[in-house]
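The values are calculated or read from the model by the stated rules, or taken from the named source; none is laboratory data. A quick note: this is a predicted structure, and the numbers were derived from the prediction, not measured. Here the Cβ positions follow ideal geometry from the backbone for every residue, glycine too, while neighbour counts run over all protein chains shown.
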Amino acid sequence: MAGKPPQNDPVQDAPQVTGPKHAAAGLPAVGHTLRVAQRQMGVRRTALTLLRVNQKDGFDCPGCAWPEPEHRHTAEFCENGAKAVAEEATLRRVTPDFFAAHPVADLATRSGYWLGQQGRLTHPVYLAEGADRYEAVSWERAFGIVAEELTALASPDEALFYTSGRTSNEAAFLYQLFAREFGTNNLPDCSNMCHESSGSALNETIGVGKGSVLLDDLHRADLIIVAGQNPGTNHPRMLSALEKAKSDGARIITVNPLPEAGTERFKNPQTPRGMLRGAALTDLFLQIRIGGDQALFRLLNKLILDTEGAVDETFVAEHTHGYEEFAEAARAADWDETLTATGLTRAQIEEALGMVLASERTIVCWAMGLTQHKHSVPTIREVVNFLLLRGNIGRPGAGVCPVRGHSNVQGDRTMGIFERPAPAFLDALEREFGFAPPRGHGHDVVRAIRAMRDGKAKVFFAMGGNFVSASPDTEVTEAAMRRARLTVHVSTKLNRSHAVTGARALILPTLGRTERDLQAGGEQFVTVEDSMGMVHASRGRLEPASEHLLSEPAIVCRLARRVLGEASRTPWEEFEKDYATVRDRIARVVPGFDDFNTRVADPAGFALPHAPRDERRFPTATGKANFTAAPVEHPELPEGRLLLQTLRSHDQYNTTIYGLDDRYRGIRNGRRVVLVNPEDARELGLADGSYTDLVSEWKDGVERRAAGFRVVHYPTARGCAAAYYPETNVLVPLDATADTSNTPASKSVVVRLEQSATG
Ligand SMILES: Nc1nc2c(c(=O)[nH]1)N[C@H]1C(S)=C(S)[C@@H](COP(=O)(O)OP(=O)(O)OC[C@H]3O[C@@H](n4cnc5c(=O)[nH]c(N)nc54)[C@H](O)[C@@H]3O)O[C@H]1N2
Ligand SMILES: Nc1nc2c(c(=O)[nH]1)N[C@H]1C(S)=C(S)[C@@H](COP(=O)(O)OP(=O)(O)OC[C@H]3O[C@@H](n4cnc5c(=O)[nH]c(N)nc54)[C@H](O)[C@@H]3O)O[C@H]1N2
Ligand SMILES: [Mo]
């Protein structure tokens, strides 16, 4: 068992290629939605469930973190939200019989797609040391096993408590409280692999690690720059906001190595006109080379500085710090270097500048295309410089808009899921709960993997997610997990992390967003925070997938009582009965949540305060918004190599694979494909339809290989390639991370393509 991840099913994985589409959504999306949902849920349940998504008395869509508009359509969801819901509300079940028939060694040979297709987990199950398969176990016994292993540790810092971003505010708050009462800040989360670079850059420059715009700002902007993001697939409801902004006169610049259908043209399925013709969204497409964004924004900044009257001098003088040093660095920006780094033409950059100067209100939106590179933090800081120069932070229609991924990833961080908590947060916990929280920094995702690899962490507990598939360097990560004493997953569905275990393992099945949550104190709801800092309630309506499920808050409360015992003065039992009592505590610990229970009764929810947005106040070390002047970097590409980005297809939610098509990119029935520019392919002798291995090159000299990818000639930027995550995570070296944020650089992997032995 070297821990090799399985290939996708070779019979099913036979890609057919028709080439990229130029519009997203429209009628095919509606039909597709209903087919996928009915396959999992049947006709009646599909209708009942989908009508509840993102409604004021319904549940928050578990798809993405895009906010709900003030005036909601009856169907305020998108194709991919519907797939996320169908995946959870499926009628298929994984029972103890399933585990009896499938030893762990068998599960380890299955693709992630197959595992997910088996359905919802129904019982807690346990893999005893030396056993070959999971068996049903009582909740009592399960908590006893976790308590045994946790209390046997030499130090609480030998335990890791991972969180994926679907966890509600209430569950997240309880979970971090439990971890800290237990004695560790080891709270790695999916954010470490996601928007950590945004948080790092924004905290330092504007003093708040979150976006500064609300949905209405988007509608009011003159210019929206969408950089490093594929909203047609990953945030489909954002397309409606872009369409609305455009109809009010906004212009849109898209910065991306790939032409993505969604940003080209959007056929709004909620309007008749949209269904027929759709709206062109992008006014200017900058097909940038991977990793060229910092150079692009630096040059734009120089050009702004060189233009008489273009800088908002009043704003700069009153609200910013570090301008002189930044301006000196920006003035030195070089055209030739920028053209090389970006692959753009002078005319394109001048056209962009014209649009920037014509705009009074500019917003920059971004996602993983900016956050997952070695120089991501300085890249995002350069975006902030760009906005500060023209006073585009802290007024309507302008600002920074990092578009978050998981539906509550931002809320989890607000609730204290963070390995480096601020002292003020710990002080508040200490005051409220009367214990001394640990003060040292804990492990993020990459450090957690190293700690397990090196035998320094022995219990791995996951609140959701699929750690082994989502993390970089799959073989290293899997070997690390196998060294653990105990691995525990609180999950809704089966995934690869259940097949790559420590000496002992538990799967604890939990309620999903869509399901009714009945506790001793009556029916409960939970709350979430969207990408724009709006907090609102989420209430499931469906019957739970099994009578044996516990909610995430209940799991944490029972575990805490079992592990901490008399030592804890926290009223865990009361918290489990009535989540309103948890919200009362959140209100006293987390700034911005005063009167939480009262305010969350408003179905529209409420906005968390954001000092830069609300009052142009910048709570940074200098008390001002900070300009920064990092040297410009861009990836170096040796001869004959390509820069590979690992990204999402249209039929997946992170490691959950819904199907084998990527409709907008014209790829069907297969995921092991690599998109290569036809010119590069010709130079490298790679015929369209031939098979190749991807071999990653990193300074440690270790060979990382992903075998058997079909070459697809595709109009990506020169020198750049693209292939799907998580199949390619095996290529991302554990140590290849972003400076400062430590986020895996999964969008810039240097690869060579070698003729495949397996094709
Ligand atoms: N349906 C669906 N929805 C999702 C998810 C999902 O898997 N499926 N995942 C959720 C999560 S957790 C997240 S974080 C978000 C992710 O949302 P995205 O960030 O949109 O997801 P990716 O597929 O990683 O796409 C990255 C985009 O950045 C571009 N890009 C890559 N490198 C560069 C670069 O160097 N510069 C620029 N300018 N562009 C670049 C790519 O071509 C691609 O368009 O989506 C969330 N929503
Ligand atoms: N190469 C590469 N790697 C990446 C990325 C990339 O772009 N390229 N993107 C990174 C990003 S942005 C992210 S956010 C991470 C994602 O990392 P994770 O969040 O760890 O992964 P997911 O695939 O979203 O987790 C899916 C699993 O969550 C469980 N689940 C679903 N809903 C619930 C629920 O309500 N409760 C509980 N307890 N469990 C639930 C199910 O069992 C499901 O199998 O991956 C990162 N990894
Ligand atoms: Mo993410």
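In segment 235-243, the condition of being of a type outside the set (Phe, Trp, Tyr) and in a loop (DSSP other than H, G, I, E, B) is met by at least one residue. For segment 471-478, the condition of being away from ligand 3 (no atom under 16 Å from the Cβ), in a loop (DSSP other than H, G, I, E, B) and charged (D, E, K, R) holds for at least one residue.
Out of (1) in contact with a Pro (Cβ under 9 Å, 6 or more places away or on another chain); (2) surrounded by fewer than 24 Cβ atoms within 10 Å (Cβ to Cβ), what's the single condition that is false for Pro396? Looking at each condition in turn, Pro396 falls short on (1). Restricting the search to segment 461-491, which residues are more than 16 Å from ligand 1 (Cβ to nearest atom) and farther than 26 Å from Glu697 by Cα? Result: Phe461, Arg483, Ala484, Arg485, Leu486, Thr487, Val488, His489, Val490, Ser491. Looking only at segment 360-410, residues that are within 15 Å of ligand 3 (Cβ to nearest atom), within 30 Å of Thr314 (Cα to Cα) and among the polar types (S, T, N, Q) come to 1 in all. In summary, no helices (runs of 4 or more DSSP H) completely within segment 577-670 bear 1 or more residues that are within 16 Å of ligand 1 (Cβ to nearest atom), crowded, with 20+ Cβ neighbours inside 10 Å and not charged (D, E, K, R). Filtering segment 52-91 to residues that are surrounded by fewer than 16 Cβ atoms within 10 Å (Cβ to Cβ) and modelled with pLDDT of 80 or more leaves only Leu91. Any residue in segment 234-245 that is under 20 Å from Val409 (Cβ atoms), out of contact with any helix residue (DSSP H, G or I) (no Cβ under 6 Å at 6 or more places or on another chain), outside the structural domain of Met534 (by TED's automatic domain parsing) and hydrophobic (A, V, I, L, M, F, W, C)? Looking for residues that are under 20 Å from Val409 (Cβ atoms), out of contact with any helix residue (DSSP H, G or I) (no Cβ under 6 Å at 6 or more places or on another chain), outside the structural domain of Met534 (by TED's automatic domain parsing) and hydrophobic (A, V, I, L, M, F, W, C), one finds none in segment 234-245, hence no.
What's the number of the condition Arg569 fails, among (1) part of a helix (DSSP H, G or I); (2) surrounded by fewer than 16 Cβ atoms within 10 Å (Cβ to Cβ); (3) among the basic types (Lys, Arg)? Unmet condition: (1). The sole residue among Arg513, Arg541, Arg561 that is in contact (Cβ under 8 Å) with a residue 24 or more places away in the chain, surrounded by fewer than 24 Cβ atoms within 10 Å (Cβ to Cβ) and of a type in the set (D, E, K, R) is Arg541. Of all the listed residues (Ala250, Ala261), the sole one being in contact with a strand residue (DSSP E or B) (Cβ under 7 Å, 6 or more places away or on another chain), surrounded by 16 or more Cβ atoms within 10 Å (Cβ to Cβ) and at pLDDT below 95 is Ala261. For segment 309-325, the criterion of being surrounded by 23 or more Cβ atoms within 10 Å (Cβ to Cβ) and hydrophobic (A, V, I, L, M, F, W, C) is met by none of the residues. Examine segment 28-46 for a residue that is surrounded by fewer than 21 Cβ atoms within 10 Å (Cβ to Cβ) and at pLDDT 80 or above, and state whether such a residue exists. No, segment 28-46 contains no residue that is surrounded by fewer than 21 Cβ atoms within 10 Å (Cβ to Cβ) and at pLDDT 80 or above.
Would you confirm whether any residue within segment 380-400 is assigned to a helix (DSSP H, G or I), within 16 Å of ligand 2 (Cβ to nearest atom) and either acidic (Asp, Glu) or touching a residue at least 12 places away in the same chain (Cβ under 8 Å) (or both)? Checked segment 380-400: at least one residue is assigned to a helix (DSSP H, G or I), within 16 Å of ligand 2 (Cβ to nearest atom) and either acidic (Asp, Glu) or touching a residue at least 12 places away in the same chain (Cβ under 8 Å) (or both). Here the condition is being over 19 Å from Asp189 (Cβ atoms) and either surrounded by fewer than 19 Cβ atoms within 10 Å (Cβ to Cβ) or within 16 Å of ligand 1 (Cβ to nearest atom) (or both); of Thr743, Thr716, it holds for Thr716 alone.
Table: residues versus (1) among the β-branched types (Val, Ile, Thr); (2) part of a helix (DSSP H, G or I); (3) within 16 Å of ligand 2 (Cβ to nearest atom).
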| position | (1), (2), (3) |
| --- | --- |
| Arg166 | no, no, yes |
| Ala171 | no, yes, yes |
| Leu174 | no, yes, yes |
| Ala179 | no, yes, yes |
| Ser198 | no, yes, yes |
| Leu202 | no, yes, no |
| Leu218 | no, yes, no |
| Gln229 | no, no, yes |
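If you scan segment 153-164, which residues turn out to be touching a residue at least 60 places away in the same chain (Cβ under 8 Å) and not in a strand (DSSP E or B)? Leu153, Pro156, Asp157, Glu158, Ser164, listed by residue number. Note on segment 116-151: residues that are among the hydrophobic types (A, V, I, L, M, F, W, C), assigned to a helix (DSSP H, G or I) and touching a Phe, Trp or Tyr at 6+ places or on another chain (Cβ under 9 Å) amount to 4.
The set of residues in segment 209-236 being among the basic types (Lys, Arg) and either surrounded by 24 or more Cβ atoms within 10 Å (Cβ to Cβ) or touching an Asp or Glu at 6+ places or on another chain (Cβ under 7 Å) (or both) consists of Lys210 alone. Applying the criterion of being in contact with a strand residue (DSSP E or B) (Cβ under 6 Å, 6 or more places away or on another chain) and under 18 Å from Thr414 (Cβ atoms) to the residues of segment 534-555, the residue that is farthest from ligand 1 (Cβ to nearest atom) is Ala537. Just so you know, in segment 92-134 the residues that are over 19 Å from Arg671 (Cβ atoms) and among the hydroxyl-bearing types (Ser, Thr, Tyr) include one that is surrounded by the most Cβ atoms within 10 Å (Cβ to Cβ), and it is Tyr134. Among the residues of segment 174-186, none qualifies, meaning not one is at pLDDT 95 or above, within 29 Å of Gln645 (Cα to Cα) and among the aliphatic types (A, V, I, L, M). Of the numbered criteria (1) assigned to a helix (DSSP H, G or I); (2) of a type outside the set (A, V, I, L, M); (3) out of contact with any Phe, Trp or Tyr (no Cβ under 8 Å at 6 or more places or on another chain), the one Thr109 fails is (1). Evaluate the following for Asp427: is it within 15 Å of ligand 2 (Cβ to nearest atom), acidic (Asp, Glu) and not in a loop (DSSP other than H, G, I, E, B)? So Asp427 fails the test. Every test in (1) without any contact (Cβ under 8 Å) to a residue 12 or more places away in the chain; (2) part of a loop (DSSP other than H, G, I, E, B); (3) not basic (Lys, Arg) is passed by Gly354 save one, and that test is (2).
From the list Pro612, Pro638, Pro571, the lone residue that is in contact with a Ser or Thr (Cβ under 9 Å, 6 or more places away or on another chain), in contact (Cβ under 8 Å) with a residue 12 or more places away in the chain and not aromatic (Phe, Trp, Tyr) is Pro612.
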